[in-house]
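Down below is the structure, laid out as structure tokens.
The values are calculated or read from the model by the stated rules, or taken from the named source; none is laboratory data. What you see is a predicted model, and the numbers here were worked out from it, not measured in a lab. Cβ coordinates were reconstructed from backbone atoms using ideal geometry, including for glycine residues, and neighbour counts include every protein chain displayed. Areas reflect the complete protein model, heavy atoms only, side chains present, ligands, DNA and RNA absent. Shrake-Rupley method; radii C 1.70, N 1.55, O 1.52, S 1.80 Å.
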Amino acid sequence: MTDTTASQNIASPADAQKNSQEKNTEKENGEKLQTENKELLDTLKRVQADFENFQKRSAKEKESAVQLGKALAFRELLEFLDSFDSAVSHVKDEHRKGMENLRTQLLKILERNGIHSIFSVGKKFNPELHECLMQGNDPMQGDDIILEEFQKGYTINGSVLRTAKVKVNTQTHEKPSSDEKKGEKNECQFFTQL
């Protein structure tokens, strides 16, 4: 019996090779599984990041849509406010005070919603805030200073809702001196000739 036990404990070279191949296969399978696991984890992280970006983008788009709807509705209300201001200016009796109170209340509602008027008269013309309808020439005012406002402009949360319609001062430049006539042109003359 001892001979059989000893022979069972001694492995044949074919069995040893088979065991070695199994260990190598198990090791390769383990490495392969770890690689697949890492790839799946990376894919999961990318999908999670994409989903989070999608959620943020969707929230921004929703907020933009809400702001656009709000801006469109308030732009319509501004037309009403213009008409209301015109009506108030023509009322001369005791009803004027009541109408002015209503106007003040309407302006407070606009302000609570982020809408503010653009103050223009006496300010420098800014094409992002103002639309020039006329030009004037007041020697007491500087160039590009707004002389008159025809329609009030408004912003909503810092963005222009409606530009102010204005009259802008433009200085006329003097005729060239005799030195300038000889061939030297100053910048103002050049731009006036364009």
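Sort VAL121, VAL166 by heavy-atom solvent-accessible area, probe 1.4 angstrom, most to least. Working shown, then result.
Details: VAL121 90, VAL166 0 Å².
Most to least solvent-accessible, the answer reads VAL121, VAL166.
Between LYS108 and GLN34, 0.36 nm times their residue separation minus their Cα-Cα distance comes to what? Don't jump to the answer; show the numbers that get you there.
Numbers: separation 74, 0.36 × 74 = 26.64 nm, distance 6.44 nm.
Result: 20.2 nm gained on full extension.
Work out, step by step, the length gained on full extension between ASP42 and ASN157: first 0.36 nm times the residue separation, then minus their alpha carbon distance; give nm to one decimal.
My answer for the length gained is 37.3 nm.
List the residues, sorted by chain then number, that are 5 or more residues from GLN151 or on another chain and whose placed amide H is less than 5 Å from its amide H.
Under 5 Å from the amide H of GLN151 lie the amide H atoms of LYS165, each far enough along the sequence or on another chain.
Strictly over 25 Å apart at the Cα level, which of LYS60/LYS165; LYS70/LYS124; LYS70/LYS108; LYS62/LYS124; LYS60/LYS152 would you flag in this model?
LYS60/LYS165; LYS70/LYS124; LYS62/LYS124; LYS60/LYS152
Hey, if we sort ARG162, ARG112 by accessible area with the 1.4 Å probe, largest down, what's the order?
The ordering from most to least exposed comes out as ARG112, ARG162.
Multiply the residue gap between GLU61 and GLN135 by 0.36 nm, knock off their C-alpha separation, and tell me the result in nm, one decimal place.
22.6 nm
Spin-label point model (7 Å from Cα, Cβ direction): what's the HIS95 to GLU26 distance in nm?
Spacing of the two 7 Å Cα→Cβ label points: 9.9 nm.
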